[in-house]
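Here the structure is laid out as structure tokens; the discussion comes afterwards.
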Amino acid sequence: MSASAKAKVNNEKLREKIATQMREKYDRVLPLDEMLLDRWKKAEFLGFGEQTSVYENVYVYGKPEVGKNVWVGPFVVLDGTGGLKIGDGCDISCGAMIFTHSTHLRCVSERNMGTETKPVKIGNYVYVGSGAIILPGVAIGDHSVIGAGAVVSKNVPALSVVMGVPAKKVGNVVLKGKKAKLEFNSNSDEW
Amino acid sequence: MSASAKAKVNNEKLREKIATQMREKYDRVLPLDEMLLDRWKKAEFLGFGEQTSVYENVYVYGKPEVGKNVWVGPFVVLDGTGGLKIGDGCDISCGAMIFTHSTHLRCVSERNMGTETKPVKIGNYVYVGSGAIILPGVAIGDHSVIGAGAVVSKNVPALSVVMGVPAKKVGNVVLKGKKAKLEFNSNSDEW
Amino acid sequence: MSASAKAKVNNEKLREKIATQMREKYDRVLPLDEMLLDRWKKAEFLGFGEQTSVYENVYVYGKPEVGKNVWVGPFVVLDGTGGLKIGDGCDISCGAMIFTHSTHLRCVSERNMGTETKPVKIGNYVYVGSGAIILPGVAIGDHSVIGAGAVVSKNVPALSVVMGVPAKKVGNVVLKGKKAKLEFNSNSDEW
């Protein structure tokens, strides 16, 4: 058997064993490398806050500051090269990408211009929906909800609900005692 | 040579060998772990239907029920924690994400509230375009087309074409004998 | 210790070592397999131009032709099965997906119809934003900017700025000497 054929057989045996364990214990089946590497240890290595977890396939550039109890999903990009700060208790859902630098002018100027950087600040208890993209320079206030697939190019005040491409404010987060609910604007019934 | 330098050299040799084989046989070059692991065996392990394939980097939560002859692309999330059923003959294109739970209220309520779950049901012969996001609670009828990048927050009747963020119905799938075509509404010429 | 437990320990040791090196040298922490495999060697293997780099987790189908000095980010799909040509100096940002075939009619026709292919041509110094999707048949002229999250279904003339789902022209790239800037249409202040 060739070296690559052997590697294939070994990988598949390992996958079956570890996926069986993971399904029993955690009711999920992840890519093999995720099952072989701890999410909390990655967050700890990155200097993120307590109980924060970061999937193995997250790409981390620069040194983003991330608070505690933050969940960072798979297929995420955290670009700290222009300064990225994420507060406590946020969810950064699957496929969300947060950028603090852009190369578009460098690219179209045939590298005569440089990279632009602008910081991003995300408050506490902010929900960043799956597939959302946060562009450089954006600040998002506490307790806001960024909808799935939103492209956020402007600041988002605290307690806002924003959605769409580009993201627009479509409602508010209302906190009352220990409960939270979303109240949508009358003209945003399309959601 | 250090352990990590050795690991690097070994990985690159393995990649070159296996990528050469894969390019010759299947005209593609995939990430190394995909080339070392079989997509049909992963689907079989998950209990999915015959001839269904699931790329290694797909994240599977809970126990989604998936029919036969379904193609599940890379960068996909299948969240079965709230109940997910996908029929036969569907394409779940690259980067599509299907969710049956949401944590947005748990997040903004500082974990005073819990996770919400709602089931998703996708019929037979449904095409879910690349990067599309299906939100909890959605039902999609047979033979529908979900456009690339669509965010689907409402039910989709059978034989519909939906597109956009949020997804709206822009046309119909017309079946005639063994042929299918898309008919767009007159007001949807932007696509 | 079981085989899978041993594999876990070994992987985590390796990750810590190599991530420490990568953080010091390149100020980033990538998934383990990215840190073990060279991006420029992958591009060279694929026959792409000089100084082009391709992240390990990029999925390459068929034989796309890609010029020199192109940056291809993570979570990208390059589908060359219908003919894909990318010029020099382009940025293909994180999560961008470029398709030259579609299976939607094959899917909804229960495999009575086949796959459709149409070529895609991307000029020189084109910036394809993060999460953008380029659909089969599209041609994009030199020095254009495709916004983050855009879904491009129609041709894009040179020096254009397009954004949204579906992508629409919202402005122009203006080159003057060695400088480039974006000029937005008056009716596109939403961005």
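So B:Trp40 ticks every box in (1) part of a loop (DSSP other than H, G, I, E, B); (2) modelled with pLDDT of 95 or more; (3) surrounded by fewer than 22 Cβ atoms within 10 Å (Cβ to Cβ); (4) not hydroxyl-bearing (Ser, Thr, Tyr) but one. Which box is left unticked?
Condition (1) is where B:Trp40 drops out.
Of the conditions (1) within 11 Å of chain A (Cβ to nearest Cβ); (2) surrounded by fewer than 16 Cβ atoms within 10 Å (Cβ to Cβ); (3) under 30 Å from B:Asn69 (Cα atoms), C:Ser188 satisfies every one except a single condition; which number is it?
Here C:Ser188 meets the rest and fails (3).
Just to verify a result, which residue in the range B:32-56, among those that are touching a helix residue (DSSP H, G or I) at 6+ places or on another chain (Cβ under 7 Å) and at the interface with another protein chain (Cβ under 7 Å from one of its Cβ atoms), is nearest to C:Phe45 (Cα to Cα)?
B:Leu32
Report, by residue number, each residue of the range B:135-191 that is among the β-branched types (Val, Ile, Thr), closer than 21 Å to A:Met163 by Cβ and in a strand (DSSP E or B).
Going residue by residue through the range B:135-191, those that are among the β-branched types (Val, Ile, Thr) are B:138, B:140, B:145-146, B:151-152, B:156, B:161-162, B:165, B:170, B:173-174.
Next cut, closer than 21 Å to A:Met163 by Cβ only: B:138, B:140, B:146, B:151-152, B:156, B:162, B:165, B:170.
Correct list: B:Ile140, B:Ile146, B:Val151, B:Val152, B:Val156, B:Val162, B:Val170.
State whether the residues of the range B:90-112 include one that is more than 20 Å from A:Trp191 (Cα to Cα) and in a strand (DSSP E or B).
Yes, there is a match, as at least one residue in the range B:90-112 is more than 20 Å from A:Trp191 (Cα to Cα) and in a strand (DSSP E or B).
Inspect all residues belonging to the range C:107-116 and state whether any of them is surrounded by fewer than 21 Cβ atoms within 10 Å (Cβ to Cβ), more than 8 Å from chain B (Cβ to nearest Cβ) and acidic (Asp, Glu). Reasoning before the result, please.
Residues of the range C:107-116 surrounded by fewer than 21 Cβ atoms within 10 Å (Cβ to Cβ): C:110-116.
So of that shortlist, the ones also more than 8 Å from chain B (Cβ to nearest Cβ) come out as C:114-116.
Now narrow it down to the ones that are acidic (Asp, Glu): C:116.
Yes, some residue in the range C:107-116 is surrounded by fewer than 21 Cβ atoms within 10 Å (Cβ to Cβ), more than 8 Å from chain B (Cβ to nearest Cβ) and acidic (Asp, Glu).
State which residue is nearest to the chain's Cα centre (by Cα) when the search covers only the range A:21-31 and only residues that are assigned to a loop (DSSP other than H, G, I, E, B) and more than 10 Å from chain C (Cβ to nearest Cβ). Break it down stepwise before answering.
First, pick out the residues of the range A:21-31 that are assigned to a loop (DSSP other than H, G, I, E, B): A:27, A:30-31.
Next, only the ones that are more than 10 Å from chain C (Cβ to nearest Cβ) stay: A:27, A:30.
Working: A:Asp27: 22, A:Leu30: 17 Å.
Once the filter is applied, the top-ranked residue is A:Leu30.
Got a number for residues in the range C:68-86 being part of a loop (DSSP other than H, G, I, E, B), at the interface with chain B (Cβ under 9 Å from one of its Cβ atoms) and buried (at least 22 other Cβ atoms within 10 Å of the Cβ)? So that I can check it myself, show each step before the final result.
Filtering the range C:68-86 down to residues part of a loop (DSSP other than H, G, I, E, B) leaves C:68-70, C:73-76, C:81-83.
With the extra rule that they be at the interface with chain B (Cβ under 9 Å from one of its Cβ atoms), the set shrinks to C:75, C:81.
Filter once more, so that each one left must be buried (at least 22 other Cβ atoms within 10 Å of the Cβ): C:75.
Looking only at that region, the number is 1.
For B:Ser153, are the conditions met, namely being of a type in the set (Ser, Thr, Tyr) and under 21 Å from B:Gly83 (Cα atoms)?
Values: of a type in the set (Ser, Thr, Tyr): yes; under 21 Å from B:Gly83 (Cα atoms): yes.
Judged against the criteria, B:Ser153 is a match.
Suppose we keep only residues that are among the hydroxyl-bearing types (Ser, Thr, Tyr) and more than 7 Å from every other protein chain (Cβ to nearest Cβ) within the range A:134-174. Which one would you say is surrounded by the fewest Cβ atoms within 10 Å (Cβ to Cβ)?
Looking at residues that are among the hydroxyl-bearing types (Ser, Thr, Tyr) and more than 7 Å from every other protein chain (Cβ to nearest Cβ), I get A:Ser160.
Would you please list the contacts, defined by Cβ atoms under 7 Å and residues six or more apart or on different chains, that run from a residue in the range A:174-191 that is under 17 Å from B:Glu116 (Cα atoms) to a residue that is of a type in the set (A, V, I, L, M, F, W, C) and not in a strand (DSSP E or B)?
So the pair list comes out as A:Lys179/B:Met113; A:Ala180/B:Leu105; A:Ala180/B:Val108; A:Ala180/B:Met113.
Could you give me the residue pairs with C-beta distances under 7 Å whose first residue belongs to the range C:98-119 and is over 18 Å from C:Thr81 (Cα atoms), whose second residue is of a type in the set (Lys, Arg) and in a loop (DSSP other than H, G, I, E, B) wherever it lies, and which are 6+ apart or on separate chains?
Every condition considered, the pairs that remain are C:Ser109/B:Lys178; C:Asn112/B:Lys178.
In the set A:Ile18, A:Ile86, which member is modelled with pLDDT of 95 or more and within 24 Å of A:Lys118 (Cβ to Cβ)?
Values: A:Ile18 fails: within 24 Å of A:Lys118 (Cβ to Cβ).
Within the list A:Ile18, A:Ile86, the selection yields A:Ile86.
The values are calculated or read from the model by the stated rules, or taken from the named source; none is laboratory data. Here the structure is a predicted model, which is why all the values come from computation and not from measurement. Neighbour counts run over all protein chains shown; Cβ positions are idealised from the backbone, glycine included.
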